[in-house]
Each structure stands twice: as C-alpha cells, then as structure tokens.
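Heads up, the thing below is written out as structure tokens.
The values are calculated or read from the model by the stated rules, or taken from the named source; none is laboratory data. Quick caveat, the model's predicted, so the values are computed rather than measured. Ideal geometry is used to build each Cβ from the backbone, glycine not excepted, and the neighbour counts take in all protein chains shown. For the accessible areas, the whole protein counts, side chains as well, though only heavy atoms, and no ligand, DNA or RNA atoms are used. Shrake-Rupley method; radii C 1.70, N 1.55, O 1.52, S 1.80 Å.
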There are 2 protein chains.
Amino acid sequence: MAVASRLPSLTSLFTSPSISRRPTAVLLRRSRHNFRPPPPSQLLAAGFSMQSAASSPPETEDRVNNRKSPASQERVNQDRDQVITPRSQDFNAWYLDIIANAELADYGPVRGTMVIRPYGYAIWEAIQDYLNVKFKETGHSNMYFPQFIPYSFIEKEASHVEGFSPELALVTVGGGKELEEKLVLKLIVRPTSETIVNHMFTQWIHSHRDLPLMVNQWANVTRWEMRTKPFVRTLEFLWQEGHTAHATPEEAEKEAMQMIEIYTKFAFEQAAIPVIPGRKSKVETFAGASKTYTIEAMMGDRKALQAGTSHNLGQNFSRAFGTQFTDENGQRQHVWQTSWAVSTRFIGGIIMTHGDDTGLMLPPKIAPIQVIIVPIWKKADEKTSVLSAALSVKEVLQKSGIKVKLDDSEQRTPGWKFNFWEMKGIPMRIEIGPRDVSSGSVVISRRDIPGKQGKVFGISMEPSILKAYVKDKLDEIQSALLGRATAFRDSNIVDVSSYDELKEAISIGKWARGPWSASDADELRVKEETGATIRCFPFEQPEGIKTCLMTGNPADEVAIFAKSY
Amino acid sequence: MAVASRLPSLTSLFTSPSISRRPTAVLLRRSRHNFRPPPPSQLLAAGFSMQSAASSPPETEDRVNNRKSPASQERVNQDRDQVITPRSQDFNAWYLDIIANAELADYGPVRGTMVIRPYGYAIWEAIQDYLNVKFKETGHSNMYFPQFIPYSFIEKEASHVEGFSPELALVTVGGGKELEEKLVLKLIVRPTSETIVNHMFTQWIHSHRDLPLMVNQWANVTRWEMRTKPFVRTLEFLWQEGHTAHATPEEAEKEAMQMIEIYTKFAFEQAAIPVIPGRKSKVETFAGASKTYTIEAMMGDRKALQAGTSHNLGQNFSRAFGTQFTDENGQRQHVWQTSWAVSTRFIGGIIMTHGDDTGLMLPPKIAPIQVIIVPIWKKADEKTSVLSAALSVKEVLQKSGIKVKLDDSEQRTPGWKFNFWEMKGIPMRIEIGPRDVSSGSVVISRRDIPGKQGKVFGISMEPSILKAYVKDKLDEIQSALLGRATAFRDSNIVDVSSYDELKEAISIGKWARGPWSASDADELRVKEETGATIRCFPFEQPEGIKTCLMTGNPADEVAIFAKSY
C-alpha cells in the first residue's frame, strides 16, 4: 500500500534529538483510515499510524543499532503475528515493534521525546507503588523541587558540570521576554537535582539534630541526548531521585548501600530481573559522586542495561554548596550525602529481559493485568451461561486481589484475543467455553509456556480452589521468569583471565568477568577496542587470589565487562 | 538582631518572576546559626533563614497585597506564638508565615518557583490518593505526555494562544546548541497540554470504537506569571490534567459535568471546603474552551479562589488539530473534548479556608497526621509507664487505619509540643500523663476548639473504646470544619439587585450574588470599577423571575461576583 510504504521506522524517529523539521506535516490529516482494516490491525497499526503522521525526512544521523525497517513498512495490513519482527532477526526492531504494538509508548512531536501510553504507564505505576512504600518504610519523605535551576548552580561541582553540560536544555525566554535582557541568569531544565537540593539543604540543615535529612521526589528530568531509544534513553524521562544528607561518612555509605539493595530486591522479586549489583569503576562513576553503586541487567540481546544507581556523594556537593551542620561538639562540618534513582528506563529493561517473538511478557507482580479471561461460545444460547460463568470467575479473582480483566468484546474471535493478550504480555489466560461451564471448570494457559505445554484443563471453578490455583500459578510464573532470566544471564557470562579472553567473550556478545586492577587508561582502551565497559565490580566476588587480566598485577576484585545501552 | 533585620519577606520574594540577580549571594554562607536559639526557633526560623540566604535586592514590582514585612524581621528569635502574624492583622503575612512555619513550602532559587516540602507534599499526596481513585473508577487511565511542545502547536487554536502566549517559557538551547541553528522550531515548556494531547489523539483515534478516549496525567506545568504567591500562583506548579475525547457533544458535556462534580465532592467531603460549583462567564472561560465549569472557594479573607476547573472544549481543539473519527455511518467527524484540572493551588485553599491565628488547621481526611500523641512525665520512673502506654495507644490507632504520630522527643516540653503541633494543624491531640496511666485513660484535645472547651478527660484506653471514640471525634472535627466554613461563606454572600448594591457588597469585602444578563463589556466594567469578577453562574439557582442587576433586562441566572486570587 502506498501509505504504508511511506512509513518511517520508529527507530529512525528516535535517533535524532531535533524536532520534526516539517511541523505542518506533523499534523497532516489523511483519510488513510479507509484503507485500513478495522481492529486489530487498526489498533496494532496505531504505533505506525503515528509514524506515518510524522512524515519525517530521512535521518542524517545513524546509530549502531539503527534499522531502516525494510520489514515494518509492509506490516501495517498484516496480521499481528507477523507485525513483530522476530527477536533473533533484529533485536532493536523487535523492541520497537513491541512498544508500538503493545501500546506502551509513542514518540512525542519533539524528537527524542516519548509519550507514555496508559499500558506503559501502568507498569510505571506498579514500579512506583512498590518503591514508594519501600522509600517511606526506610524513612524518606516525598517532596518536590522546582525543575528550573540557575545555570550557575551546575558549575559549582567541577565533575558534575563536566558530565552534564553537554546534555542541558536552556530556558532563555520567559513571559515573552529574553531572560538575559531582564538581567537574570540562564536557566537550565533539571537533568538531575543535586545542585538545587544542596541549595535548599543549606537552608534546612543547621544542627546535627536536622540530620539525617532524607527526601525523594518523583519527577521529570531533561537530558538532551543525541541518541535516543524509547524508555532506555529519551530527552525527557520520569524517575524518582532520592537525596539524603548525613552527619557521618559511615551513615552515607550505609544509606547508599541500603538503596541499591532496595533496587536489587525490587529487580529480583518484582521485575524478575536477575540484576548484578556492584560498584562502578572510577571512570563510570556518576559526575559528582565518590562512589556509584549500580544494578546491571542483561537484556535479551546480552547487552547490559544500567537499571538503577545509588551514589555516595561524599562531601563533593556539600563542599561546593557549603552544606554544613554544627556537630555535637559545636564544630561546623560538611554533610555527607547520597542520591539514588530509578527511571522509566526500567520499563525498557522489563521488555528486553522477558519479551519473546510473540510480544511482551510481563512478570505477574508488575503486570497491570495478571489474568485475562476469554469466554468462548458459538451459539447464542451458550453465550449467557458462558458469560455469566466468566463474570463470576472474574469476581472471585478480583476479590482476592488479583488484577483480572474479562475480554467479552464480540467483535473478535477467541483466537484473536489469545494472540492479542499474549502480545500484551498478560501472564495468565483463563478460557471458559460451554463444556467448561458444564463441568464447572476452566482452562488455564501460561504466557511463559507456549502452546499445549502451558495449558491446564479442568481447573475447578469452585472459588477457593480456583483462587488458590491462580495465585499459586502466578507465583510459579513469577519464579519461572526469574529462573529463565537467571539461567540466560549465567550462561552468558564468561570468566576470563586475559585480555584476549575478554576480547573473545565480548566479540561473541557475552559478558566477561575477570580480575581487574589496571588503570583508567587501560579501561578506556578496552572500551575503544572492544566496545565494552566495566559494568561493575560485583558485590559478590569469587574467593581466592586474583591476577589482573590486563596487567598481571595482583587484583582485589573481578570486574564485569559488557557492551551496554 | 543585625541578621534578622536583613531578612526580606517571603512576600517580596514571591512577586517577581525573575531569578535572583545576585547568584553568588544566593549561596552566601553565614555563621548565623550561632546567633540563633536552638529549635523550636531554629526549626521555625527555617522559613526565614532561606530568605536570609537569598539576600535579594529590594523588589521594584509591587502587588496589592504586598507586605513589606515590618513585623517578620524581628520575629526570628521570638516564640512561635508571636511568629505568625495574626490573620486579622494581615491576611497575606499570616498566610506566608504559616507556609514558612509549618514547613509546607519554600521558594526556589528561581523567582516565583516553589519547593514543596515534605509536610506540604504529604497534603498533595492525600489529594492525589483520593482523586486518582475517583479518576480510575470513572474510566480514566493515567499516562504521560512530554512537556516540550513545538511553539507552532500553541498557535493553532486562536483563543488558546491569546490566553497563554504571555506566560510561556521557551527552550532555545539544547545539548549546548541553539535550536534555531539546527533548523528546529522554538519549543515551549507546557503551560497546559491540550495541544500536544490533540496531536497524539489524531494518531490514536480512528473510529467511533476508539471513543471515548479518557486519560489523565499528573505533571508539572510552567506559566511565567508576573505575580506569584506560594501554592496559589507559581511559575511551575504540579497538577493533574484530564483529557477526554467523545463522539457526541452530549457525552463531552456529561463528562465535563461529571468531573466538576468529583472536584466538588472532594472539596466538600475531603477538604471541608464548601465550594460553589458553577459555570464561568464567557469572559472568564478557559482559553480554548466552549464552557468552563469551576469550583469557587471563599478564603478566610473572603477573596475567591478558583480551586478546580472542568472544560467542555467542544470541537475547538479537534478542529484546530483535525482530531477526527469515523462514525457508525462511515462519516468523518471531529471529536468533542473535555479537559479538567486541580493543582497544588488547592493546598493554598486549604490553608486559607481553615487556618487561624494559631497556624494551620487541617481537615482530618487530608491531614498527613491526624492524631499527635504527647506523653507527659516529670520523674524518671514515670517515663517508662507513660511511654509504654503512649506506644500502645499509638499501635491501637495505627492498626485501625488512623494516621498517628507519637512525639516522644525529650528536648521539648509538652507545652512546646502542644503549640508546635497545633501550629502544624494536626486535628487531634492525645495527652497521656502518669495519672492517665493509673486511671487507664487519656486526654483528648481538638485543634478546632481551642483551650479547655476542646478538651475531654478520661477517655478509656481500652482499644475498642478509644478507637471508636477517636474515629468518631475525627468525623466530628471534619464536619465541624465544613460547617464553620459554610457558615462563614453564607454570611459573606450578599444578594444584590442593583449595581450599587453590588458595589457596596464588594467594597465591604463580601461576595455579591445577583441576576446577570448584561454584556461582556459590562462585566469588564464591573471588574475595572470594583475589582470583582464573575466567579460563576452557580449551578444552584434561586427560583423566580430575575431582573439583571446592571441592565434591568430579564435574566436567566444569578451570578456571583467577588474579588479573587
């Protein structure tokens, strides 16, 4: 189709930070809908129709993983099963196809920005719900700092400005007037808030009795990234950023560790992502931190994703901003600080850890819908009894706290619904047909085990039995996802003892783990020569004497090297 | 004291949108802490110490309610009771004193911006928790739109651009480069999202089956206001904005009404604010809306606060953006839309409705802490039994879902704690002393009834009795606050039948309610001559024949006129 062939790929639309150069085209209305089949294709094509609406010119920039999307152009009118590029064929295309088809996100009109759609946002809400409780349990209060920060603030901490200045967005006009004309400073849109936090902390912290001061905010941040990718790296993104101030370095260190542990627990237990927690190398430490702790996740393409970080900031910002307190002996001291963040990037991590060729696969504890009920009937007289049974099953599950949805739409066949909800990653499906109604039972299918193997017949509808079975099975699915991801991770980490072995491991797409005590220059050389960076020095270290893989000198720790997002 | 005399007032710091002109002074460190008494003054002085830190030059702009703060300068070292300006003496000073002393908010380093501190943010979370549930119950999904919008978008809807262009903030530099150089358009930071929402809706809405589309986002927005006031009007603020699209004008109208009803219910039942819901005049209608519904609240100074709005946007934006769907007959139609919002301004409304000379007064259903327990002991041997009783009372209440805090700090006297938590607006206090422990009872004080009258002795500690009593009493306080505010409101609305009567009512600070069918020009004349605007045509209308107070012509409705924030 003519319309379809003009569709640029989501990939290309996400690689340039500039906004669409033909703004009128952005809003171009076409009566293209007439050419389209009705849903599901229409629904599924939504991801593409937006692309078509953008009509962006060919990109001048390119990207390692860029895909010029030969396949996607013809996909619009095809069945969903063909719409998602096989993961093995093109991981990046597969990722973007899932985001579009499962309606997780769209790009915004400004290049590199992202609209998080309800289904994607619901995953973010699940992340928020869990972490927010943990933050409060550990003594943190939510609050809100303004997003506009005087440019001068960012210059106060030397390494901070070095890290962030290339990515800043500046507001220069306010209320129709150039700010400079009004003798006011340039304003930046926050890329992170350590500077403004310290500015405020100097005003709230006077005595040791004001410490520890432990706050968090859920906010948007802006980083003018050159290479963007939905969820993983966008010009604006959502996150939480925790900021704390303490009286001693020990307390700050304990706090930084506590928060990376909360993130680790979240990743394992909720997102079923077997992250590797550890310490960043000096080269990879956050701009302004003394130490950065990280959780590193292995994606389905075996690239690493930094999924959360916790920084021990030492006194770097408190010295730059003069954040001091009077200690118990009446002495003025600079506070010791931490900051820690998890962002909407985590959603990208969930997609790329668990998804398969069929689409998204969500761990039950994160899934906005845990169970989809699909009623099946042919004759009109079957409909009433099937729907009534489906409704009561829904109520039973809902009452026991399970997130359940009944798809009783009549426009779609059960087969279509099976495919659709599998693509959306719903962990469990309950099928109810006339025969099931007669026998008082249901059929249950697992998203993580395709076909007949994942199907169990004859589960009793009796509330207490059904409830217990479903809960049990959801737990099993949650564990299975973690188990599978862990096995995948472990089979793709190679222990290396020389640079040659490291290069070999990286070249076949694996992670390399080996003793490391070499210089920053050596680390940069590895990056240049292999594309891999030190993801972390994992907290869990092998025992025994270690010899640096690069220099042959004694080493205290092994490091993990990998290519990353 | 020398330091204190250099403190500018919060008022003056909130009236200019420009940022501090002496950035180095912003971070000036002083060893002023040595001059200060320890908490509570120190704690209470936090609001002032920040002001001192800002060291801003005198303001050139002025404002009707501006206060040059003669009193506040000497307040720093005084007792809290004197720190809050009496409400009757200077309402605006009182308001700012409460915000500073109760630690609800501070100004940010950029003029007109606000840092929402944990206690203020907790009130926002209570607002969010309630509304978020209601939004979802009524079929809305949360999602997130980017905050950067191409400037061209704002120009598409004629009245929208007229309304918003004077308040826009523009991003002109991204990633270290002038955006114009890169041939990209000017970007605005969203003042509201109707334009980008429509841009996306055009891509998601194809058929009548895609309707209604009902979404909401919790987000920050930026309006470059010239005159700012914490919570009420700030350069950046937090809000929720709902956006919906419907197939018929009736559905859109029903939705707009439904949402103003949810806001009204929230105001009455949760915030204990007896708002008057109604329709805005054409002059006061939102830029781009066909109809604007509003809830208008009477503050303690009898000025009106627009506390929430719901707009029937008609087809104004859908025509500007071409947001169309194919109806059941295969015809292309523009969608009918609504948008509706409540912001952090509501917190200002709560403060100004219920607060008194003692400080903040929070309705129990909004209060982050509903009950404060103050243990009282003199001798060491009393301490153990009192604290243990206090702890078990806390646990009893906590288990029954009451938000309770035990203030067991030893640095402060019970009397100090009483004052402090009253100032923070906690609805109920439980006192437990040695004699109470012996008699197995507690003393309960109400925030809304000062002194002995609000105190009840001998309430049994027996869990089921105490629990029931406290719950009951909290409900009573909630009702009492609403009742008091309603009586205040009603005694300050005057029914008028002529312009002279209207002028008289406004001149003594009251609201005027009278029949109105005059022109927009007449409405603007009233504003010019009296300072009052039509707040709304209330939904609740008196019966009988009405004659326009201005023209003597027949009128369908009464309007409410008032000065407003």
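Among the residues of segment B:446-467, write down those that are closer than 18 Å to residue B:481 by Cα, open to solvent by less than 70 Å² (accessible area, probe 1.4 Å) and touching a residue at least 60 places away in the same chain (Cβ under 8 Å).
Residues satisfying the conditions are B:447, B:448.
When you check residue B:67 against the structure, is it surrounded by fewer than 23 Cβ atoms within 10 Å (Cβ to Cβ), outside the structural domain of residue B:262 (by TED's automatic domain parsing), modelled with pLDDT of 95 or more and of a type outside the set (Gly, Ala, Ser), yes or no?
It is false that residue B:67 is surrounded by fewer than 23 Cβ atoms within 10 Å (Cβ to Cβ), outside the structural domain of residue B:262 (by TED's automatic domain parsing), modelled with pLDDT of 95 or more and of a type outside the set (Gly, Ala, Ser).
Within segment A:447-468, is there a residue that is modelled with pLDDT of 95 or more and under 30 Å from residue B:209 (Cα atoms)?
yes
Here's the yes/no breakdown for (1) modelled with pLDDT under 95; (2) farther than 18 Å from residue B:241 by Cβ:
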| position | (1), (2) |
| --- | --- |
| B:192 | no, no |
| B:195 | no, no |
| B:206 | no, yes |
| B:219 | no, no |
| B:226 | yes, yes |
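Quick one: residue B:288 ticks every box in (1) modelled with pLDDT under 95; (2) more than 14 Å from chain A (Cβ to nearest Cβ); (3) open to solvent by 10 Å² or more (accessible area, probe 1.4 Å) bar one, so which box is it?
Failed condition: (3).
Would you check which residues across segment A:90-118 are surrounded by fewer than 23 Cβ atoms within 10 Å (Cβ to Cβ) and assigned to a helix (DSSP H, G or I) and list them?
Selection gives A:91, A:92, A:118.
Which of the strands (runs of 3 or more DSSP E) contained wholly in segment B:444-561 include at least 1 residues that are of a type in the set (Val, Ile, Thr)?
Fully inside segment B:444-561 and qualifying: B:455-460, B:493-495, B:533-538.
Residue A:545 versus (1) open to solvent by less than 50 Å² (accessible area, probe 1.4 Å); (2) without any contact (Cβ under 8 Å) to a residue 40 or more places away in the chain: which is the lone unmet condition?
Result: residue A:545 fails condition (1) only.
Where in segment A:311-429 are there strands (runs of 3 or more DSSP E), lying wholly inside it, with at least 3 residues that are open to solvent by less than 10 Å² (accessible area, probe 1.4 Å)?
Passing ranges, in order: A:336-343, A:371-375.
Which ones in segment A:215-260 are under 20 Å from residue A:165 (Cβ atoms) and polar (S, T, N, Q)?
Matches in segment A:215-260: A:220, A:222, A:228, A:234.
Filter segment A:268-285 down to residues that are more than 23 Å from residue A:253 (Cα to Cα) and touching a helix residue (DSSP H, G or I) at 6+ places or on another chain (Cβ under 6 Å) and give me whichever is surrounded by the fewest Cβ atoms within 10 Å (Cβ to Cβ).
A:270
Going by the structure shown, is residue A:138 at pLDDT 50 or above, closer than 30 Å to residue A:254 by Cβ and of a type in the set (Val, Ile, Thr)?
Yes: the conditions hold for residue A:138.
Here are the criteria: (1) out of contact with any Pro (no Cβ under 7 Å at 6 or more places or on another chain); (2) within 8 Å of chain A (Cβ to nearest Cβ); (3) at pLDDT 90 or above. Tell me which single one residue B:231 does not satisfy.
Tallying (1) out of contact with any Pro (no Cβ under 7 Å at 6 or more places or on another chain); (2) within 8 Å of chain A (Cβ to nearest Cβ); (3) at pLDDT 90 or above, residue B:231 fails exactly one: (2).
If residue A:443 passes every condition in (1) crowded, with 22+ Cβ neighbours inside 10 Å; (2) hydrophobic (A, V, I, L, M, F, W, C); (3) touching a Phe, Trp or Tyr at 6+ places or on another chain (Cβ under 7 Å) but one, which one does it miss?
Evaluating residue A:443 over (1) crowded, with 22+ Cβ neighbours inside 10 Å; (2) hydrophobic (A, V, I, L, M, F, W, C); (3) touching a Phe, Trp or Tyr at 6+ places or on another chain (Cβ under 7 Å) leaves (1) as the failure.
Might you let me know whether segment B:495-513 holds any residue that is free of Cβ contacts under 8 Å to residues at least 24 places away in the same chain, touching a strand residue (DSSP E or B) at 6+ places or on another chain (Cβ under 6 Å) and of a type in the set (Ser, Thr, Tyr)?
no
Answer yes or no as to whether residue A:112 is within 10 Å of chain B (Cβ to nearest Cβ) and touching a helix residue (DSSP H, G or I) at 6+ places or on another chain (Cβ under 7 Å).
Considered against the rule, which asks whether it is within 10 Å of chain B (Cβ to nearest Cβ) and touching a helix residue (DSSP H, G or I) at 6+ places or on another chain (Cβ under 7 Å), residue A:112 comes out as no.
Could you say whether any residue in segment B:414-421 is within 15 Å of residue B:460 (Cα to Cα) and of a type outside the set (D, E, K, R)?
No; the residues of segment B:414-421 include none that is within 15 Å of residue B:460 (Cα to Cα) and of a type outside the set (D, E, K, R).
In this structure, does residue B:513 turn out to be at pLDDT 95 or above and open to solvent by 50 Å² or more (accessible area, probe 1.4 Å)?
Yes; evaluated as a whole, the condition is true for this residue.
Would you tally the residues in segment A:220-261 being buried (at least 23 other Cβ atoms within 10 Å of the Cβ) and in a helix (DSSP H, G or I)?
5
In the set A:296, A:269, A:250, which member is away from chain B (no Cβ under 14 Å) and free of Cβ contacts under 8 Å to residues at least 24 places away in the same chain?
Only one candidate passes the filter, namely A:250.
For residue A:238, indicate whether it is within 11 Å of chain B (Cβ to nearest Cβ) and either closer than 28 Å to residue B:122 by Cα or of a type in the set (A, V, I, L, M) (or both).
When the stated conditions are applied, residue A:238 passes them.
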